[in-house]
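The values are calculated or read from the model by the stated rules, or taken from the named source; none is laboratory data. Owing to the predicted nature of the structure, the values given are computational and were not obtained by experimental measurement. Don't worry about glycine lacking a Cβ; one is built from the backbone with ideal geometry, like all the others, and counts go over all protein chains shown. Remember, those area values only see protein heavy atoms, side chains included, never the ligands or the DNA or RNA. Shrake-Rupley method; radii C 1.70, N 1.55, O 1.52, S 1.80 Å.
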Amino acid sequence: MSTLTSSGVALTVETFRAQNDGCLAYLVVDEASRTALAIDPRLDQVDRLLQALTARDLRLAHALDTHTHADHLSGVRRLAQRTGGTVLAHAASKLRGPARRIRGGETFDVGTRTIKVFDAPGHTPDSLALLVDGHLFTGDALFAGGAGRTDFMGGSASALYDTFRAFETLPDDIVVHPGHDYVGRAVTTIGEEKAQNPLFREHDRAAFVSRLSVTAPPPAHMAAILRHNLGETEVATIAPRDLQALRDQGPPPFLLDVRSPLEFEGERIEGARLIPLDQLDAQLDEIPGWVEVVVVCRTGVRATIAAEALARAGRAARVLEGGMNAWRQARLPLREGRKRLPVDRQVQLIAGLMVLTGVALGVLANPWFLAVAAFFGAGLTFAGATHRRCEQSE
């Protein structure tokens, strides 16, 4: 958490990093009024944000996404519902449902603080950035040392070039809080990006567009994620203890676990039926239509996608709130098996060992072995820079 003191009163910025990837969410707090703004909260971070608000006795005034996310489920609407906060959205956003629309050049207040809105198109047409007391929240427009991809529908490298030129007019000491961190720096400054970011330093529009012309594979489950994030679908949830009470009272609901077989083997709720999310469409007929269905995953993200797919097929389902993580935290019965490292952790360990082995052999045996370390290091750097990783939905 970083703290800025202005006029004798603190503005605090608390950063929430998602597990297994570089997604960053923020609580911006006006300490004088104990009022907060949530920026880019993921659905699987809602409970953490609620805990932070309660622990610090804060009132959430607003929640917003800096753009329509395509790689994870937004928690903005659920967080606003649980706190009474107002949903904010860019005027160009196609978000359905109640929301206060904002656009570049406008301002809004969080307690005693005034937030300035910037249009920041490029990654998406509805991208925005927020400036408050020397802190700039750039979403997926500007990262430390890089920028968001522009190959999504509606993305424009040329528009992002203009966004960068607008950011460039800000003072060098403006603190930048990006929407992702792929290089181990969740905070940077305008001055640092002017000096070190090759995209930010590129002042030839055509060359800038060329640098961002690479097309990458779309995120997993992008269509389902977009439907959720645009408010086109909504699912009901059930708390862990309420689910346990339901199971104790009478005929238990059909418990559908949509995690991977590896995760299911490690631990599961007794009686759950495994149908991995990527196999759900092919196995819909195996889900009984005469009982209530509750969908389970690790945090609730994949379960939400599955429940929305079931709803489109005409089958109502609820999602276990907080997933297996919340079930475990509630100390409810679990059936445990042999646990294994997730695939992404296995890849990280293997790559790390290969780098260390190459360095050691290069020093002790033959300098040519350093090429092994360089090869794997280059691969990891490329994966981080282009946002390629082992895809796991949560």
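When only the heavy atoms of the protein chains count and the probe is 1.4 Å, how do 33, 213, 93 rank by accessible area, highest first?
Most to least solvent-accessible, the answer reads 213, 33, 93.
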Most fluctuating of 130, 160, 361 in the GNM of the chain (C-alpha, under 10 Å) is 361
Neighbourhood net charge (10 Å Cβ-Cβ; Lys/Arg +1, Asp/Glu -1) for residue 324:
+1
Could you grab the relative contact order for the chain? Cα pairs under 8 Å, six or more apart, rounded to a whole percent.
12 percent
I need the phi-derived Karplus couplings for segment 217-231: 6.51 cos²θ - 1.76 cosθ + 1.60, θ = phi - 60°, integer Hz, Gly and Pro marked x.
x, x, x, 4, 6, 4, 4, 5, 5, 5, 4, 5, 5, 8, x
Of the candidates 121, 252, 276, which one comes out as most mobile in a Gaussian network treatment of the chain with C-alpha springs shorter than 10 Å?
252
Using square roots of five times the C-alpha gyration tensor eigenvalues, list the equivalent-ellipsoid semi-axes of the chain in whole Å, biggest first.
36, 30, 20
Considering amide H positions built from the backbone, and no H for Pro or chain starts, which residues 5 or more places from residue 109, or on another chain, come under 5 Å of its amide H?
115
Expected unfolding gain across residue 375-residue 56 under the 0.36 nm per residue rule, minus the alpha-carbon gap, is 110.2 nm
State the three equivalent ellipsoid semi-axes of segment 164-242, derived from the C-alpha gyration tensor as the square roots of 5 times its eigenvalues, in descending order and whole Å.
36, 20, 12
Note, ³J(HN,Hα) from phi for segment 240-255, Karplus 6.51, -1.76, 1.60, rounded to Hz, x at Gly and Pro:
x, 5, 5, 5, 5, 5, 5, 5, 7, 7, x, x, x, x, 6, 9
Principal axis extents for segment 107-195, Cα atoms only, whole Å, descending order, please.
39, 27, 22
For residue 60, distant residues with modelled amide H under 5 Å away:
36
Which one, 250, 145, 266, has the greatest fluctuation when you compute a Gaussian network model over the chain with C-alpha springs under 10 angstrom?
250
Grab the other residues whose beta carbon is less than 13 angstrom from that of residue 16, score K and R as +1, D and E as -1, and report the net.
-3
Neighbourhood charge, 9 Å Cβ-Cβ cut-off, centred on residue 34 and excluding it, Lys, Arg +1 and Asp, Glu -1:
-1
The long-range amide H neighbours of residue 156, using H built 1.01 Å from N in the peptide plane and a cut-off of under 5 Å, are 122, 123
I need the P(r) histogram for segment 1-158: all alpha carbon pairs, bin width 5 Å from 0 out to the longest distance, whole percents.
2, 9, 19, 23, 22, 15, 7, 2, 0, 0
Each residue of segment 319-334 in order: what ³J(HN,Hα) in whole Hz does its phi give by Karplus 6.51 cos²θ - 1.76 cosθ + 1.60, θ = phi - 60°, with x for Gly and Pro?
10, 5, 5, x, x, 4, 4, 5, 4, 5, 5, 7, 6, 8, x, 10
The alpha-carbon center of segment 234-248 and that of segment 33-54 are separated, in whole Å, by 23 Å
If you count only protein heavy atoms and use a 1.4 Å probe, how large is the accessible surface of residue 247, to the nearest 10 Å²?
60 Å²
For the chain, what is the mean residue ellipticity at 222 nm derived from helices alone (per DSSP H run of n ≥ 4: -39500 (n - 2.57); sum divided by total residues; nearest 500 deg cm²/dmol)?
-9500 deg cm²/dmol
